[in-house]
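K.L.:
Would you mind keeping the following structure in view while I ask a few things?
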Amino acid sequence: MKVVVLTGAGISAESGVPTFRDADGLWEGHRVEDVATPEAYELSPTTVHRFYDARRAALLSVDPNPAHTALARLEQSLGDDLLVITQNIDDLHERAGSERVLHMHGELRSALCRACHGRHRWDHDLVDLPPCPGCGVTELRPDVVWFGEIPYEMDRIAVELARADLFVSIGTSGAVYPAAGFVRQAMRYGARTLELNLEPSEGTVWFHEARHGRAGDLVPEWVAELLAGVSR
Ligand code: BV8
């Protein structure tokens, strides 16, 4: 059975990573859409770097929670039949032990050079415009997908959604596209669809089944069910 899991900010909420809805979408009074866009970066790279430098630094003070570890356990059992597509730019899936993780909106711990397009593991601030380790030019930006930019690996995602027998959405409001459209895409190819979220998402009508509660409770429960089914 091929399983595709889509995760959003809600899966990291219990780890202490604020969701977009938490702060009513605001950061230091800035609408997220106003700091997570190419236009905002052109206007004030410093403001945008400070936004991502703060989130990158905050990663050091959070840890994966039982929802992340349950998915890592599921990967142990399903192997290549499981893919986690995440909208999150934190590294909590990997720190929980998941390897088959696709960051469709990029990663905080990566810097992208606008001059040579090289990508570099990055754990420090970018606000001081450090030189690119590859080409030396001071054109490093956060390796994240901003509003108005095309998400990463959309072709691979389309293939995986078409192959999925089960599509599970965890901790996402279904407010941001194209991720919010994946449930219909998977369903179109015959997948069974399940929503695990604190509250009904904007796309909840598209799911065969929806369970509402905290990911830290719902995900380990669902994984145990699946493994019980799988192991029998
Ligand atoms: C694009 C990286 C063209 C940066 C992000 C169609 C209709 C309308 C608008 C559009 C459309 N198509 C495109 C758009 C425009 C736009 C968009 O969707 N705008 C929205 C605001 C209407 N989309 C884009 O610009 C995208 N690009 O479309 O390019 C294209 C596309 C495809 C092919 C070719 C061309 C790019 C969007 C990516 C932007 N970058 N992040 C950063 O992080 O700073 S988006 C960012 O916001 C996140 O990555 C995530 O995707 C989104 C936030 O959503 P969630 O993760 O769901 O978080 P949220 O806070 O909203 O909800 C949390 C949920 O968890 C809640 O439901 C809550 O109840 C639940 N929860 C809370 N606690 C828990 C919990 N659940 C369980 N347990 C808990 N403990």
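K.L.:
Could you list, in sequence order, all residues of the range 171-196 that are farther than 22 Å from Phe147 by Cβ and near the ligand (Cβ under 9 Å from one of its atoms)?
P.N.:
Scanning the range 171-196 gives a single hit, Leu196.
K.L.:
Regarding Leu198, is this residue touching a residue at least 40 places away in the same chain (Cβ under 8 Å) and either within 14 Å of the chain's Cα centre (by Cα) or surrounded by 14 or more Cβ atoms within 10 Å (Cβ to Cβ) (or both)?
P.N.:
yes
K.L.:
For the range 167-185, check the following and say yes or no: at least one residue is touching a residue at least 40 places away in the same chain (Cβ under 8 Å), within 15 Å of Leu102 (Cα to Cα), surrounded by 23 or more Cβ atoms within 10 Å (Cβ to Cβ) and among the polar types (S, T, N, Q).
P.N.:
yes
K.L.:
Taking the stated definitions as given, is Val159 out of contact with any His (no Cβ under 9 Å at 6 or more places or on another chain), surrounded by fewer than 18 Cβ atoms within 10 Å (Cβ to Cβ) and within 25 Å of Glu107 (Cβ to Cβ)?
P.N.:
Answer is yes for this residue.
K.L.:
Here is a further query. Can you find a residue that is within 16 Å of the ligand (Cβ to nearest atom) and within 30 Å of Met1 (Cα to Cα) anywhere in the range 115-138?
P.N.:
No, the range 115-138 contains no residue that is within 16 Å of the ligand (Cβ to nearest atom) and within 30 Å of Met1 (Cα to Cα).
K.L.:
Right, something else. Only one of (1) over 22 Å from Asp81 (Cβ atoms); (2) without any contact (Cβ under 8 Å) to a residue 60 or more places away in the chain; (3) of a type in the set (Asp, Glu) fails for Glu153. Which number is that?
P.N.:
Unmet for Glu153, out of (1) over 22 Å from Asp81 (Cβ atoms); (2) without any contact (Cβ under 8 Å) to a residue 60 or more places away in the chain; (3) of a type in the set (Asp, Glu): (1).
Coordinate-derived values only; no laboratory data. Worth saying up front: this structure is predicted, and the values here are computed from it rather than measured. Heads up, the Cβs are rebuilt from the backbone with ideal geometry, glycines too, and the neighbour counts pull from every protein chain shown.
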